[in-house]
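All remarks here apply to the structure that follows.
The values are calculated or read from the model by the stated rules, or taken from the named source; none is laboratory data. Since this is a predicted model, take the numbers as computed values, not measurements. Reconstructed Cβ throughout: ideal geometry from the backbone, glycine too, with neighbour counts over all protein chains shown.
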Amino acid sequence: MYNTIFIVLSNPVVGREDEYNEWYSNQHLGDLLKIPSVVGAQRFESVGNVEKPRYSYLAIYEVTDVQQTINELKSRRGTPAMVTSTALNRDATTSFYVLPVTQHGVEREFNDQEGLILHCLNAVGDVDAQFGKDILGLMSQQVGGSPSQFFEKTTLQSREIIDYRYAAIVRVPDAVQCAKDTYAKLGSERPFLAQGVAIEPRFVSFFRPITPRVTKG
């Protein structure tokens, strides 16, 4: 059973999206799943956003040991065990590990229609499980989704290039329609604000699955 989520947000090199997706879905996911501490994975694409998203693709990996995963990635990257495609825009890619604050899980696979909202944010003051539940509840109420999980970034990271400390994931029945309804109802600038949330920097995007959830065992 995993205890950490490894979130990877990425973009392809312009004009090489098909090559990037072929590599990521058919090689890179499998390479990461060969790491003993990575026990599940699924990919998503950004949909329905009012403006061009900062990141077009999301991968969620289920991890049992963060330090082992970091060490294995460092030792394998650039070797035949983990070949990186030149179609990946490394300057427009970020990743971070997060620990669950609330008890809801994301273990169940996202189907073809169902999607998710990823909300990366900071907060004012100390955050506890109730704050996470409040954020999930607010998001679910505004979009009609089902709360999944609220996470806090771990102190162990492969690289510190993202400014968010927390991440909320909410399941929605249809990511494209949910995005349209949300922006029509709430506007494009400040959806999902709650007391105690630092407005900037934060990141909100809608995603739908493009690969099945793959697990070990």
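Can I7 be described as of a type in the set (V, I, T), in contact (Cβ under 8 Å) with a residue 12 or more places away in the chain and either part of a helix (DSSP H, G or I) or under 20 Å from K153 (Cα atoms) (or both)?
On the way: of a type in the set (V, I, T): yes; in contact (Cβ under 8 Å) with a residue 12 or more places away in the chain: yes; either part of a helix (DSSP H, G or I) or under 20 Å from K153 (Cα atoms) (or both): yes.
Criteria met by I7.
Is it the case that K34 is basic (K, R) and within 18 Å of R213 (Cβ to Cβ)?
Judged against the criteria, K34 is a match.
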Legend entry - Answer residue from the range 31-72, given it is outside any loop (DSSP other than H, G, I, E, B) and more than 18 Å from the chain's Cα centre (by Cα) and is nearest to Y97 (Cα to Cα) among those: Q67
Inset, instruction - Look through the range 1-41, keep the residues that are crowded, with 19+ Cβ neighbours inside 10 Å and of a type in the set (S, T, Y), and return whichever of them is farthest from L73 (Cα to Cα). - result: Y20
Inset, instruction - For the range 177-215, enumerate the residues that are buried (at least 19 other Cβ atoms within 10 Å of the Cβ) and either aromatic (F, W, Y) or at pLDDT below 55 (or both). - result: F192, F206, F207
